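The values are calculated or read from the model by the stated rules, or taken from the named source; none is laboratory data. Please read all numbers here as calculations on a predicted model, not as lab measurements. Here the Cβ positions follow ideal geometry from the backbone for every residue, glycine too, while neighbour counts run over all protein chains shown.
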Amino acid sequence: MSDTIQRTYYSIREVSEMFSLPYGTLRYWEKEIKQLKPHTEHTTRFYSEKDLEVLRRIIYLRSQNVPVADISRRLTLDSKGVDTRRAAYEQLQAMREELLALRDML
């Protein structure tokens, strides 16, 4: 039997360890970001592969200093294919400005 069996659900403990995130952060994001909706059975949360993908996107957006309050909107726009070109352009512009500032510091 293969060792690469894909699991259907992960506990909050497993997800916390996977992404090095405190439980409190995961719970906060669940409240604030409508796309992150793990299955709850009794008091236990179970995250699907789709939830893990949403978490990867959230972590990426947070690394780009996108406020939590804006992440749900950005995920909605991204899922509709709207605004991604503009977002990419804005990111490139920000990177260009940072590079120019670094160059000026040399």
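Where strands (runs of 3 or more DSSP E) fall wholly inside segment 1-92, no range has 3 or more residues that are at pLDDT 95 or above and aliphatic (A, V, I, L, M). Annotation: of all residues in segment 47-69 being of a type in the set (Asp, Glu) and surrounded by fewer than 16 Cβ atoms within 10 Å (Cβ to Cβ), the one that is nearest to the chain's Cα centre (by Cα) is 53. Which one is surrounded by the most Cβ atoms within 10 Å (Cβ to Cβ), of the residues in segment 27-46 that are farther than 23 Å from residue 77 by Cβ and out of contact with any Phe, Trp or Tyr (no Cβ under 8 Å at 6 or more places or on another chain)? Here the answer is 45.
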